[in-house]
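Visitor: Please read through the structure below; I'll follow up with questions.
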Amino acid sequence: MEPRRERPVPWHGRAPGRVNLIGEHVDYLGGVVLPAAIDRHTRVSGHEAREWSIESDIGGGLSYVRAIGIELGMPPQAVAVESDVPPGSGLSSSAALLVAIAAGLHPELDGKEAALACQRAEQRATGVHVGVMDQFASALGRRGNALLLDCSTLDYQTVPFPDELVIAVIDSGEHRSLAETPYNERRREAESGHPKRRRHFESEIARVHAFVDALNERRFERLGVLLKESHQSLRDDFEVSTPNVDALVEHAWGVEGCLGARIMGAGFGGSILALIERGREQAFAEAMKREVIFCATADGAFAHRIVAR
Ligand code: GLA
């Protein structure tokens, strides 16, 4: 007689996408970054199954699901995914998926450990040697704050994000999967001391610290200047922008109420980030003549586990 099988216990998880205010292409070099988790989420549910499978309203994802399962030492699972983090547009839909699964399968995991497991899973699934920023923000972001994260030690602190400002993200429409871009090449060049890549690294780190000071001192115009300088450095020294993205960023620079804008995330297309004075959202969206995603900061999937000591 067949032994009676117990019904698999279902699990659920949820994790946010992220923006990066500043500190681009420095995480994998041990630099400091300033991302924030945002109010767009991926929700997953699953149960143990004979083989790995995924049913997703944003498509794809099987290699990610399998990769995080392997990192966490889990048996195969059938996973269902619902998400309002648009894929391919620079809000880290893949990090949100990985962190949501980690939170569902292993809720008692330490947030840093979860972020590292998700980073390894992303590298395993894509072959792209990404840094830890996206997964970290999705796991440990805090509502009302950005995270100042030192990627060499994983020490971090929260930096209050002012109510007077709104984060805007605009998809350039140039979508790419990171595996098709020179991301790994840029990383190798920077690691081997390529002068322009290193110049970006040094100047961007200085901008991250200056940005945090400006946030704390509420010098909002200074934030905009730093965003512009970051874009110029990513365009000219790190060479990860495209003419289309440059045009979009420059357009945003000229709109009233926009403090500054820059390419965000890995680049080679993707999205731009702009900081807008609150109250100017509608006028900004009209001037940009494109869909603008306005984001609020949110808690990461593992943030509730942080207790004050
Ligand atoms: C992608 C990677 C991150 C980071 C950024 C560039 O989002 O996943 O680790 O390297 O690009 O800052």
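Visitor: Based on this model, can you work out whether SER94 counts as within 18 Å of PRO35 (Cα to Cα) and in the same structural domain as GLU24 (by TED's automatic domain parsing)? Outline the logic, then answer.
Guide: Details: within 18 Å of PRO35 (Cα to Cα): yes; in the same structural domain as GLU24 (by TED's automatic domain parsing): yes.
Taking the combined requirement at face value, the residue satisfies it.
Visitor: Please go through segment 173-196 and pick out each residue that is touching a residue at least 60 places away in the same chain (Cβ under 8 Å) and within 26 Å of SER89 (Cα to Cα).
Guide: GLY173, GLU174, HIS175, ARG176, SER177, LEU178, THR181, PRO182, TYR183, ARG186, ARG187, ALA190
Visitor: Restricting attention to segment 242-259, report how many residues are buried (at least 24 other Cβ atoms within 10 Å of the Cβ) and of a type in the set (Gly, Ala, Ser).
Guide: Residues that pass the stated criteria total 1.
Visitor: Scan segment 279-301 for residues that are hydrophobic (A, V, I, L, M, F, W, C) and outside any helix (DSSP H, G or I) and report the count.
Guide: 7
Visitor: Out of segment 57-83, which residues are out of contact with any helix residue (DSSP H, G or I) (no Cβ under 8 Å at 6 or more places or on another chain) and modelled with pLDDT under 95?
Guide: Once the filter is applied, which keeps residues that are out of contact with any helix residue (DSSP H, G or I) (no Cβ under 8 Å at 6 or more places or on another chain) and modelled with pLDDT under 95, segment 57-83 yields ASP57, GLY59, GLY60.
Visitor: Going by the conditions given, is ILE272 within 16 Å of the ligand (Cβ to nearest atom) and either among the hydrophobic types (A, V, I, L, M, F, W, C) or assigned by TED's automatic domain parsing to the domain that holds GLY131 (or both)?
Guide: yes
Visitor: Also, quick follow-up: Among the residues of segment 92-99, are any touching a strand residue (DSSP E or B) at 6+ places or on another chain (Cβ under 7 Å), buried (at least 24 other Cβ atoms within 10 Å of the Cβ), part of a helix (DSSP H, G or I) and not small (Gly, Ala, Ser)?
Guide: Yes, there is a match, as at least one residue in segment 92-99 is touching a strand residue (DSSP E or B) at 6+ places or on another chain (Cβ under 7 Å), buried (at least 24 other Cβ atoms within 10 Å of the Cβ), part of a helix (DSSP H, G or I) and not small (Gly, Ala, Ser).
Visitor: From the list GLU71, GLU51, GLU55, exactly one residue is outside the structural domain of LEU178 (by TED's automatic domain parsing), in contact with a strand residue (DSSP E or B) (Cβ under 8 Å, 6 or more places away or on another chain) and at negative phi. Which is it? Quick ask: steps written out before the conclusion?
Guide: Values: GLU71 fails: in contact with a strand residue (DSSP E or B) (Cβ under 8 Å, 6 or more places away or on another chain); GLU51 fails: in contact with a strand residue (DSSP E or B) (Cβ under 8 Å, 6 or more places away or on another chain).
Criteria check complete, one pass: GLU55.
Visitor: Does segment 104-116 contain at least one residue that is of a type in the set (Asp, Glu), more than 15 Å from the ligand (Cβ to nearest atom), surrounded by fewer than 19 Cβ atoms within 10 Å (Cβ to Cβ) and at pLDDT 95 or above?
Guide: Here is the first cut: in segment 104-116, the residues of a type in the set (Asp, Glu) are 108, 110, 113.
Okay, now just the ones that are also more than 15 Å from the ligand (Cβ to nearest atom), so 108, 110, 113.
With surrounded by fewer than 19 Cβ atoms within 10 Å (Cβ to Cβ) added as a condition, the list becomes 108, 110, 113.
Next, from what is left, pick out any that are at pLDDT 95 or above: 110, 113.
Yes; the residues of segment 104-116 include at least one that is of a type in the set (Asp, Glu), more than 15 Å from the ligand (Cβ to nearest atom), surrounded by fewer than 19 Cβ atoms within 10 Å (Cβ to Cβ) and at pLDDT 95 or above.
Visitor: Related question: Name every residue in segment 60-101 that is more than 15 Å from the chain's Cα centre (by Cα), within 16 Å of the ligand (Cβ to nearest atom) and touching a residue at least 60 places away in the same chain (Cβ under 8 Å), in order of residue number.
Guide: Answer for segment 60-101, where residues must be more than 15 Å from the chain's Cα centre (by Cα), within 16 Å of the ligand (Cβ to nearest atom) and touching a residue at least 60 places away in the same chain (Cβ under 8 Å): SER63, TYR64.
Visitor: Further, regarding this structure: Which pairs have Cβ atoms under 7 Å, sit 6 or more apart or on different chains, and link a residue in segment 13-39 that is free of Cβ contacts under 8 Å to residues at least 24 places away in the same chain and more than 10 Å from the ligand (Cβ to nearest atom) to one that is part of a helix (DSSP H, G or I) and open to solvent by 10 Å² or more (accessible area, probe 1.4 Å)?
Guide: Close Cβ pairs (under 7 Å, with a partner that is part of a helix (DSSP H, G or I) and open to solvent by 10 Å² or more (accessible area, probe 1.4 Å)) do not exist here.
Visitor: Give segment 168-193 a look and list any residue that's away from the ligand (no atom under 16 Å from the Cβ) and not polar (S, T, N, Q), or say none.
Guide: Selection gives ALA168, ILE170, GLY173, GLY193.
Visitor: Being farther than 17 Å from ALA117 by Cα and among the basic types (Lys, Arg) narrows it down to one residue among ARG66, ARG14, ARG18; which is it?
Guide: ARG18
The values are calculated or read from the model by the stated rules, or taken from the named source; none is laboratory data. Quick caveat: nothing in here was measured; it's all calculated off a predicted structure. When we count neighbours, we look across all protein chains shown, and the Cβ atoms used for this are built from the backbone with ideal geometry, even at glycine. Note: accessible area is taken over every heavy atom of the protein model, side chains too, but ligands, DNA and RNA are not part of it. Shrake-Rupley method; radii C 1.70, N 1.55, O 1.52, S 1.80 Å.
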